[in-house]
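Engineer: What follows is a single structure, and I will ask about it in a moment.
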Amino acid sequence: MGMVGGGKDAFIGAIHRLAANMDGLIELCCGALSINPEIAKDSGKMLFLPEDRTYLTFDEMITKESQLPEDKRMDFVTIVTPNFAHFAPAMMAMDHGFHVVIEKPIAFTLDEAKQLKQKQAETGRILCLTHTYSGYPMVKQAKAMVREGAFGKIRKVWVEYPQGWLSKLSEREGNAQAAWRTDPKRSGKSGCMGDIGTHAAHLAEYVTGLKITHMCADLNAMVEGRLLDDDGNVLLKLENGATGVLMASQVAAGEENGIRIRVYGEKGGCEWYQHEPNTLLVKWLDAPAQILRAGANYPGRLSSFATHNCRTPGGHPEGYLEAFANIYRNFALTLSAQIDGTSTTPEMLDFPGVEDGIRGMAFIDNVVASAQSTEKWTAHIVE
């Protein structure tokens, strides 16, 4: 693996490296870790990269790596830069024969996302998008139960992602993560919905297997002086006639990363909450509720997709890093199969890709357009 971004002054790069390393399938071999040359060099030393494979730009890394013998060069590149800097290295990497992993959202605009899809089709490269929450075993269990018809026709979806870390104007107080995420030039046309609303929308579509077809959105910048939305609510319609409610907020003071989804069909439903990730609460119309727990020693009781992504015996908690690692492991198994000319399984192929990225960018465009529209609200008239 080569990495673009993710130097010692970054947050998400370290998470990617931990996740990629968890199964021993992936080794970081090179990087262009910062646009600051000194930080790039220091980060390379910190990660024990050879000096001649610690690059100062992604252009240099991709060009020089492509000139190395096949058994020496990187197999793929992971891009962990801010949103505006995803597209160029991804396109160049695929043009030079490398596979790609991208931190979400996939690009800065919907048009860029569509160009990445076209480039992937032209080159035959694999592209993985790190929508982390789809990596949890019990999220995969929920998806399997919906797919198998356990709950009947799906009617209702509630999905929420409350955070509280932007309850103050942190971007003016030296918080680098807040600074780029609230800057339209680096983040894009949406703040909260682009950052975490896309996770909620992806989770809704992933679990239900249904595409969002219509939306009615209300976006707000609750903190005075903020340039992008930090809070929003979206009504959803899905392709089978189901309806949904999506809430995302980064000004829910006191909240951490409280992503939660509830799905209901004709015969029952299920609920999953990241703060208790090993649990899937299953509710039935005509029977007592059940608690399903993750664990590698439950074959036959959980779906193959859930057990494939369980790492420990029942009772041992698996969290965010393990879910992130499941995305990387499935990508690595799929890539290894392509390199070795062996077959893949559906479980290996279960990771987000370019289509998920396109739908995420379309979600951002449409949710902003809906929020800016005046033709959606009915006045609540009392007199």
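The values are calculated or read from the model by the stated rules, or taken from the named source; none is laboratory data. Nothing here was measured: the structure is a model prediction, and the numbers come from that model. Here the Cβ is made from the backbone with ideal geometry for all residues, glycine too, and neighbour counts use every protein chain on show.
Engineer: Pro105 fails exactly one of the following numbered conditions: (1) without any contact (Cβ under 8 Å) to a residue 40 or more places away in the chain; (2) out of contact with any Lys or Arg (no Cβ under 7 Å at 6 or more places or on another chain). What is the number of that condition?
Structural biologist: (1)
Engineer: Working only within segment 326-355, note down all residues that are polar (S, T, N, Q) and over 19 Å from Arg17 (Cα atoms).
Structural biologist: Within segment 326-355, Gln338, Thr342, Ser343, Thr344, Thr345 meet the criteria.
Engineer: Could you tell me whether any residue of segment 86-102 is within 20 Å of the chain's Cα centre (by Cα) and either outside the structural domain of Cys30 (by TED's automatic domain parsing) or among the polar types (S, T, N, Q) (or both)?
Structural biologist: no
Engineer: Somewhere in segment 257-277, is a residue among the hydroxyl-bearing types (Ser, Thr, Tyr), farther than 20 Å from Asp195 by Cα, assigned to a strand (DSSP E or B) and more than 21 Å from the chain's Cα centre (by Cα)?
Structural biologist: Yes, some residue in segment 257-277 is among the hydroxyl-bearing types (Ser, Thr, Tyr), farther than 20 Å from Asp195 by Cα, assigned to a strand (DSSP E or B) and more than 21 Å from the chain's Cα centre (by Cα).
Engineer: For a quick check of your reading of the model, give me the residue pairs whose first member lies in segment 19-43 and is in contact (Cβ under 8 Å) with a residue 60 or more places away in the chain, whose second is of a type outside the set (Lys, Arg) and not in a helix (DSSP H, G or I), with beta-carbon atoms closer than 7 Å and at least 6 apart or on different chains.
Structural biologist: Correct list of pairs: Ala20/Met1; Ala20/Ile26; Ile26/Met1.
Engineer: So, one more: Return the pairs, sorted by first residue and then second, in which the second residue is among the β-branched types (Val, Ile, Thr) and modelled with pLDDT under 95, the first residue lies in segment 68-86 and is in a loop (DSSP other than H, G, I, E, B), the beta carbons are less than 6 Å apart, and the residues are 6+ apart or on different chains.
Structural biologist: Short answer, once both residue conditions are applied: Val80/Ile12.
Engineer: Any chance segment 247-259 includes a residue that's among the aliphatic types (A, V, I, L, M) and surrounded by fewer than 18 Cβ atoms within 10 Å (Cβ to Cβ)?
Structural biologist: Yes, there is a match, as at least one residue in segment 247-259 is among the aliphatic types (A, V, I, L, M) and surrounded by fewer than 18 Cβ atoms within 10 Å (Cβ to Cβ).
Residues are listed down the side, and each one gets a yes or a no for (1) part of a loop (DSSP other than H, G, I, E, B); (2) crowded, with 19+ Cβ neighbours inside 10 Å; (3) small (Gly, Ala, Ser):
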residue	(1), (2), (3)
Ile106	yes, yes, no
Cys128	no, yes, no
Val159	no, yes, no
Trp165	yes, no, no
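Matching residues to (1) crowded, with 17+ Cβ neighbours inside 10 Å; (2) among the polar types (S, T, N, Q); (3) modelled with pLDDT under 95:
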residue	(1), (2), (3)
His16	yes, no, no
Asn21	no, yes, no
Gly24	no, no, no
Glu27	no, no, no
Ser34	yes, yes, no
Thr63	no, yes, no
Phe76	yes, no, no
Pro82	yes, no, yes
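Engineer: Something else: Scanning for something in contact with a Ser or Thr (Cβ under 7 Å, 6 or more places away or on another chain), in a helix (DSSP H, G or I) and surrounded by fewer than 22 Cβ atoms within 10 Å (Cβ to Cβ), does segment 232-245 turn up at least one residue?
Structural biologist: No; the residues of segment 232-245 include none that is in contact with a Ser or Thr (Cβ under 7 Å, 6 or more places away or on another chain), in a helix (DSSP H, G or I) and surrounded by fewer than 22 Cβ atoms within 10 Å (Cβ to Cβ).
Engineer: Working only within segment 206-226, note down all residues that are assigned to a loop (DSSP other than H, G, I, E, B) and among the small types (Gly, Ala, Ser).
Structural biologist: Gly209, Ala221, Gly225
Engineer: Now, a different point. Would you mind stating whether Val100 is in contact with a Lys or Arg (Cβ under 7 Å, 6 or more places away or on another chain), under 18 Å from Cys128 (Cβ atoms) and either without any contact (Cβ under 8 Å) to a residue 12 or more places away in the chain or not in a helix (DSSP H, G or I) (or both)?
Structural biologist: yes
Engineer: Sort out which residues of segment 283-310 are among the hydroxyl-bearing types (Ser, Thr, Tyr) and in a loop (DSSP other than H, G, I, E, B), and write them in order of number.
Structural biologist: Tyr298, Ser303
Engineer: With respect to Asp229, is the statement that it is in a helix (DSSP H, G or I), buried (at least 23 other Cβ atoms within 10 Å of the Cβ) and either touching a residue at least 40 places away in the same chain (Cβ under 8 Å) or under 21 Å from the mean Cα position of the chain (by Cα) (or both) true?
Structural biologist: So Asp229 fails the test.
Engineer: Continuing with this model, one more query. Return only the number of the condition from (1) of a type in the set (D, E, K, R); (2) free of Cβ contacts under 8 Å to residues at least 12 places away in the same chain; (3) under 21 Å from Thr198 (Cα atoms) that Arg301 does not satisfy.
Structural biologist: In the conditions (1) of a type in the set (D, E, K, R); (2) free of Cβ contacts under 8 Å to residues at least 12 places away in the same chain; (3) under 21 Å from Thr198 (Cα atoms), Arg301 misses (3) alone.
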